[in-house]
Amino acid sequence: MIKAYSGLLIVVMQSVRSGGNCGVVVQLKEFGKGTYLNLNYPFPNQDLTIVAWNKSESDVSHLLNKRVCADGKTSLYKGKAQVSVNSINQIKVQ
């Protein structure tokens, strides 16, 4: 438990040093409840994944190849950093 918590702190600190929850959207992947936006590198080497949960707002294709920042809950999923957003308004083009 402590190890996972420490890992989360390290990931968040690295993310802040490299510009926060920001990066270039290089890959989009729809799933049943929303869309994954992988930043800087395609899955499985992405720096960060933005998880857009609202399927009704999941048309984020206009964000492909754009630098974006996401304001949402940051967590780890299978050892990778992700930011969960419930609205497209939480993703800003830079």
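The values are calculated or read from the model by the stated rules, or taken from the named source; none is laboratory data. A quick note: this is a predicted structure, and the numbers were derived from the prediction, not measured. As a convention, Cβ positions derive from the backbone with ideal geometry for all residues, glycine included, and neighbour counts pool all protein chains shown.
Observations, loosely collected:
- Condition check for Gly32: within 14 Å of Ser75 (Cα to Cα) and at pLDDT below 95: no
- Screening Leu76 on (1) more than 12 Å from the chain's Cα centre (by Cα); (2) over 12 Å from Val25 (Cβ atoms); (3) of a type outside the set (Gly, Ala, Ser) shows it passes everything except condition (1).
- Subset of the range 84-94 (residues that are outside any loop (DSSP other than H, G, I, E, B), in contact with a Lys or Arg (Cβ under 7 Å, 6 or more places away or on another chain) and either of a type outside the set (A, V, I, L, M) or surrounded by 15 or more Cβ atoms within 10 Å (Cβ to Cβ) (or both)): Ser84
- Qualifying residues in the range 53-80 (those that are aliphatic (A, V, I, L, M) and modelled with pLDDT of 95 or more) - the one surrounded by the fewest Cβ atoms within 10 Å (Cβ to Cβ): Leu64
- Residue that is farthest from Ile88 (Cα to Cα) [pool: residues in the range 48-64 that are out of contact with any Lys or Arg (no Cβ under 9 Å at 6 or more places or on another chain) and not β-branched (Val, Ile, Thr)]: Leu64
- Residue in the range 54-66 that is under 18 Å from Gly20 (Cα atoms) and part of a strand (DSSP E or B) present: no
- Of all residues in the range 51-94, those being of a type in the set (A, V, I, L, M, F, W, C) and either in contact (Cβ under 8 Å) with a residue 60 or more places away in the chain or at positive phi (or both) number 3.
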